[in-house]
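A short worksheet on the structure shown next.
The values are calculated or read from the model by the stated rules, or taken from the named source; none is laboratory data. Note that the structure is predicted; figures quoted are calculated from it, not measured. Quick reminder, even Gly has a Cβ in these numbers, built from the backbone with ideal geometry, and neighbours come from all protein chains shown.
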Amino acid sequence: MPSDDVLVAGLRAGDEETFACLLNGWSGSMLRLARTFVSTAASAEEVVQDTWLAVFQGIGRFEGRSSLQTWVYRILVNVARRRGTHEQRTVPWTSLLPDEGPTVDPSRFRGAEDPYPGGWRAFPERWPTTENEVLAHEVRATVAAAIEKLPPRQQVVLTLRDIDGQSADDVCVLLGISTANQRVILHRARAAVRGHLERYFTTAGAES
Amino acid sequence: MTCAELVELVTAFLDGALDPETEERFVHHLSICEGCDIYVEQMRRTVAEVGQVGPEGLSGETRDRLLDAFRTFPRD
């Protein structure tokens with residue numbers, strides 16, 4: 001992705017290549033983010049569409065105090081909130097209880113009666129590298145499916161942090177959640193995806 | 001720090017958000033525990049693999065409509 005200066009200049013000048021590049025790069029996470037506020041996929045598409053229309057209108061006033069992406073995503077959150085309220089659907093981002101419980105099955109650790117309580121009963125098995133193109137493809141499919149299975153809040157935080165590469169601070173501001181909450185949600189999401197990968201590699205290993 | 005405790009701190013560790021004392025215990029534990037070393041490596045790998053996932057996209061229809069709107073948006 002080009003630098004913000006280039007992107008902003010492109011949007012202002014009406015450069016179609018710039019806009020197509022943004023559409024390709026950001027639409028996925030924008031849809032995911034929208035989806036946590038509105039009830040249908042069609043509605044989420046409209047939120048993304050209305051966001052871009054608002055961006056065309058507002059780009060002349062963009063001052064670069066945040067990154068362009070953060071600015072666009074804030075507009076999206078506002079558009080989506082308005083529509084979500086309308087549809088009576090709101091995922092409670094604020095005042096939310098972090099999900100409880102350990103992210104790794106407690107039975108994998110030694111119990112209180114053991115000389116080493118809380119230690120691994122058996123180490124996790126090492127995963128193979130995925131230089132092989134077929135395997136790499138399967139891993140990507142496994143990860144994509146695992147993300148789809150996550151609760152919406154976890155999907156959004158994981159997408160913003162690990163696919164879009166946004167900072168923890170930006171994500172907290174964007175979603176209006178505390179640093180601690182953001183981290184708990186992200187950790188649960190990553191641990192869940194790791195679990196799916198582990199099951200995949202264990203099975204794939206058994207087959208080969 | 002036990003292994004069961006360490007696995008819950010991996011994201012905070014990767015974000016550099018542990019307090020110095022906890023970070024020291026975390027790093028010390030990692031240096032002597034192969035199981036946790038593997039676990040942290042797998043979390044790093046998970047983050048990297050998530051980053052490889054191609055984003056889903058808008059429908060062709062919405063995309064065309066937006067490209068069209070962008071093309072015809074009045075600019076001064």
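A compact table of results
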read-out	value
A:R74 in contact (Cβ under 8 Å) with a residue 60 or more places away in the chain and not in a loop (DSSP other than H, G, I, E, B)	yes
Hits in segment A:1-28 - residues which are part of a loop (DSSP other than H, G, I, E, B) and not charged (D, E, K, R)	A:M1, A:P2, A:S3, A:G14
1 or more residues out of contact with any Leu (no Cβ under 8 Å at 6 or more places or on another chain) and facing chain A (nearest Cβ under 8 Å): qualifying helices (runs of 4 or more DSSP H) within segment B:7-63	B:10-14, B:34-52
Segment A:139-164, residues that are more than 14 Å from A:Q182 (Cα to Cα), of a type outside the set (V, I, T) and within 11 Å of chain B (Cβ to nearest Cβ)	A:R140, A:A141, A:A144, A:A145, A:A146, A:E148, A:L150, A:D164
Single residue of segment A:1-45 satisfying the filter (among the aromatic types (F, W, Y) and at the interface with chain B (Cβ under 9 Å from one of its Cβ atoms)) that is nearest to A:I59 (Cα to Cα)	A:F19
Boolean, A:S3 is surrounded by fewer than 20 Cβ atoms within 10 Å (Cβ to Cβ), without any contact (Cβ under 8 Å) to a residue 24 or more places away in the chain and within 19 Å of A:G165 (Cβ to Cβ)	yes
Test result for B:I38, surrounded by 14 or more Cβ atoms within 10 Å (Cβ to Cβ) and at negative phi	yes
Helices (runs of 4 or more DSSP H) (entirely within segment A:100-208) containing at least 2 residues that are under 13 Å from the mean Cα position of the chain (by Cα) and closer than 25 Å to B:C36 by Cα	A:133-149, A:152-158, A:179-207
Contacts under 9 angstrom Cβ, first residue in segment A:197-208 being over 16 Å from A:A144 (Cβ atoms) and among the charged types (D, E, K, R), partner in a helix (DSSP H, G or I) and modelled with pLDDT of 90 or more, 6 or more apart	A:E198/B:Q42
